[in-house]
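Following: one structure in structure tokens, then a few remarks.
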Amino acid sequence: MAQPQNLTRKLLAGHLLGGNLVPGEEIDLAVDQILIEDATGSMTALQFEKLDVDRIDVPLAVMYVDHNVLQIDDKNMDEQRYLQSFSARYGLRYSRPGNGISHYTHLERFARPGEALVGADSHSTMSGAVGMFAVGAGGLDVAVAMAGYGFSLQCPKVVGVELRGELPDWVQSKDIILELLRRYGVRGGLGKVFEFTGEGVATLSVTERGTICNMITEMGATAAVFPGDERVREWLAAQQREDDYAPHAADPGALYDEVEVVDLPTLEPLIAKPQSPGNVVPVSEVAGTKTVQVCVGSSVNSSYEDLAIGAAVLRDGIVHPDIQMTVTPGSRQILDTISKSGVYQDLVAAGARMLEPVCGPCIGVGWAPSKGEPSVRTFNRNFPGRSGTTGDEVYLCSPATAAATALKGEITDPRELGPPPEITPARSDPTIDDRQILAPPPAEEARSVEIVHGPNIVPPPEGRPLPEMLEGRVLIVVEDDVSTGDMAPDGTLGMSLWSNTAECAKYMFRRQDPEFHDRALEWGGGFVVGGHNYGQGSSREQAALAPLYLGVRAVIAKSFARIHRRNLIAQGILPLVFADEADYEKPHQGDTWRIDSARTAVAHGATSLTAESENGAEIALEVQLLPREREILLAGGTLKYLRAGGQEPINIVQGDSRSAESGGLEPGHQPKEGS
């Protein structure tokens with residue numbers, strides 16, 4: 001009799017093309033859906049063009065424009081014209097600026113139970129809310145998957161999270177994910193998928209589940225998965241996509257690598273203090289903190305319910321005079337729904353500033369707060385400077401807590417407001433209008449499309465084959481939990497340069513050391529030394545392309561965030577780990593290091609190397625690489641590895657007709673079951 005399987009293992013097995021489902025081993029997956037957004041889109045597209053394929057080779061790919069939308073100069077529009085023409089040429093759907101935030105809109109219009117999605121954005125995990133395996137990745141890995149090569153990753157452990165009971169008044173799904181962050185921190189989810197089970201699951205709507213799945217990446221996790229159950233069927237029916245539904249759930253008695261229990265009735269409103277999503281405390285602990293700004297929305301909390309609770313709290317009142325409040329709907333559909341229900345009018349009347357359905361303040365594009373003044377946001381990240389302000393003080397919380405704070409002018413536990421107000425219900429049949437998602441022309445017609453490359457759309461540098469000896473100076477030593485936002489900056493200016501690696505590189509480590517860029521060029525590159533969780537946060541590939549451009553050949557850290565580590569390898573930069581964490585204290589900026597036999601070690605599967613300092617000190621380093629990652633580094637990055645014939649496309653079927661039983665593979669293609 002077959003062993004009962006958890007849902008994550010079922011999804012992986014249904015898409016497995018190579019490897020075994022053993023945690024830590026490399027596996028290859030077939031991909032059903034690709035999600036790309038404009039901030040990471042240009043590099044994804046430019047590298048896809050280098051793959052020399054005529055058309056995307058996945059059933060569905062969607063390009064969203066939701067980040068670079070202010071058009072403060074010609075760069076943003078040039079980039080949008082490039083992405084639109086690229087999408088038309090190669091067969092992607094194109095969601096126009098203002099149509100919606102990628103993760104929320106994709107959940108509405110395309111997420112499908114039983115399928116596998118790879119997105120060029122770390123928060124692509126949000127689609128796990130409907131019972132699909134959704135994972136974020138770097139732009140090059142996404143381009144490769146879109147070209148039909150599949151997607152490879154280290155097989156994750158599966159944590160079963162049992163939700164018991166039902167949330168009490170004023171406690172929301174944001175508090176569930178904040179509770180998990182309180183338990184695990186920003187590193188505890190590395191190499192894990194969190195699968196949600198228990199009777200509490202049925203009490204959560206798809207958008208509430210989406211909040212949890214979106215923010216699971218803040219724990220360092222690979223993905224989060226909810227079952228494709230009756231709540232999912234209802235959601236898809238409301239989206240006029242009931243035909244996309246198929247039930248997907250874990251088998252009774254399924255086993256998990258780890259088990260976590262969350263007793264929902266015992267939860268209270270929680271908040272993440274500056275400057276980490278893992279710095280979580282009860283709202284009551286910081287209640288009374290004077291605040292100057294409240295922002296509701298972003299991809300993680302921009303559903304109708306999220307905005308309606310704010311409108312209900314503020315109805316017949318006003319935003320406190322000391323507060324500036326913004327509200328961002330997740331999609332054009334949500335904007336339409338709140339306008340018809342009266343929620344929009346209630347928010348405007350209370351003094352909230354209504355924004356269009358784009359990322360906006362979440363990634364520092366507008367509405368930057370005052371330095372050192374608390375800003376309370378329902379967003380997913382509060383890394384230093386992410387808001388667009390150096391020295392910001394950003395708190396993360398639920399929409400209910402944010403609304404109570406906006407009303408009172410200080411951080412407020414919403415339970416202090418008494419019984420929850422009546423929330424204006426949304427129509428059960430929202431207006432569905434996909435005209436702003438442009439379909440590509442047929443393949444024959446698409447071949448005549450001219451791709452518009454503006455002057456700021458610059459192909460990225462390519463990696464170099466790993467040499468036998470690595471030698472250079474230590475360019476910088478950075479602390480634990482340095483984010484990719486420190487390597488490729490957020491904000492209006494920074495994002496406008498993401499499609500030009502040379503310009504973007506000028507901002508690398510600007511917060512830690514404004515001289516880093518010039519020093520790296522003057523010294524001819526060298527080594528970067530980091531602490532734990534190096535490269536946490538965004539999947540932005542620019543954080544690996546900038547050091548490549550600046551001549552960085554290796555990064556040595558206590559530990560790496562999953563996506564950034566993979567991005568370094570894809571660009572030919574060797575990631576190494578201190579064998580003894582105490583050795584992190586030994587390197588100093590300016591030291592000259594030499595690592596002998598690097599190529600031989602990588603080629604022959606060695607797991608250790610030694611860095612020799614000019615003063616005679618030796619530092620033991622670990623080489624933690626999967627077999628294919630070694631081949632990629634030897635070749636000089638993924639592009640050169642593929643050009644040399646290192647991997648063949650898997651030829652996934654075109655079109656939208658996919659079998660739920662086969663997990664998206666073409667008919668007759670049998671997936672491999674792991675051992």
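The numbers here are math on the coordinates, done by the rules we state, and not lab data. Note that the structure is predicted; figures quoted are calculated from it, not measured. Neighbour counts are summed over all protein chains in view; Cβ atoms, including those assigned to glycine, are modelled from backbone coordinates with ideal geometry.
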Original post:
Of 613, 496, 339, 124, how do they rank once you tally other Cβ atoms within 10 Å and put the fewest first?
Top reply: 339, 613, 496, 124
**OP:** Post the alpha-carbon centroid distance, segment 1-41 to segment 352-398, in whole angstrom.
**Re:** 34
Subject >> Reduced Cα scattering model of segment 97-154, Debye log10 I(q)/I(0), q = 0.13, 0.17, 0.21 Å⁻¹ >> reply: -0.32, -0.54, -0.80
**OP:** Report the antiparallel proportion of the DSSP beta bridges in the chain as a percent, rounded to a multiple of 5.
**Re:** 35
Original post:
Between residue 427 and residue 169, what is the spin-label point distance in nm, taking each point 7 Å from the Cα along the Cα→C-beta axis?
Top reply: 3.2
Subject >> Projected-area mean, the chain, by convex hull of Cα positions, square nanometres >> reply: 27.5
**OP:** Lys and Arg at +1, Asp and Glu at -1: add these up for the other residues within a Cβ distance under 12 Å of residue 609 and post the number.
**Re:** -3
**OP:** Take the Cα radius of gyration of segment 470-641 and divide it by 2.2 N^0.38 Å, with N its residue count; two decimals is plenty.
**Re:** 0.96
Subject >> Rg(Cα) / (2.2 N^0.38 Å) computed for segment 7-266, rounded to two decimals >> reply: 1.00
Original post:
For segment 533-571 and segment 207-262, what is the separation of their C-alpha centers, rounded to whole Å?
Top reply: 30
Original post:
What is the order of 471, 445, 541, fewest Cβ neighbours within 10 Å to most?
Top reply: 445, 471, 541
Subject >> Reduced Cα scattering model of segment 270-417, Debye log10 I(q)/I(0), q = 0.11, 0.14, 0.20 Å⁻¹ >> reply: -0.34, -0.56, -1.19
**OP:** Using only Cα atoms, figure out Rg for segment 166-292 and give it as a multiple of 2.2 N^0.38 Å.
**Re:** 1.15
Subject >> Once exposed loop trypsin sites (Lys or Arg not before Pro) are cut out (DSSP; at most 12 other Cβ, 10 Å), longest piece of the chain >> reply: 1-370
Original post:
When the distances between all Cα atoms of segment 196-250 are binned every 10 Å from zero, what whole-number percent does each bin get?
Top reply: 23, 51, 24, 2
Original post:
Seen from all sides and averaged, what is the projected area of the convex hull of the Cα atoms in segment 402-468, in nm²?
Top reply: 14.7
Subject >> Kirkwood Rh, Cα atoms: Rg over Rh of segment 27-173 >> reply: 1.02
**OP:** Give me the Kirkwood hydrodynamic radius of segment 366-429, using the inverse of the mean 1/r over all pairs of distinct Cα atoms, in Å to one decimal.
**Re:** 13.4
Original post:
Past the 23 Å Cα-Cα mark, which pairs from 50/192; 290/371; 371/586; 273/586; 157/558; 174/408?
Top reply: 50/192; 371/586; 273/586
**OP:** Could I get the Rg over Rh figure for segment 100-227? Both from C-alpha atoms, Rh via Kirkwood, rounded to two places.
**Re:** 0.97
Subject >> Low-density loop positions, GluC sites (Glu not before Pro), segment 373-423 - DSSP coil, at most 12 other Cβ in 10 Å >> reply: 422
Original post:
Please state the equivalent ellipsoid semi-axes for segment 3-81: what are the square roots of 5 times the Cα gyration tensor eigenvalues, largest first, in whole Å?
Top reply: 35, 15, 11
Original post:
Per q in 0.14, 0.17, 0.19 1/Å, what log10 I(q)/I(0) does a Debye calculation on the alpha-carbon atoms of segment 42-121 return?
Top reply: -0.50, -0.73, -0.90
**OP:** Order by neighbour count: 453, 15, 248, fewest other Cβ atoms within 10 Å first, most last.
**Re:** 453, 248, 15
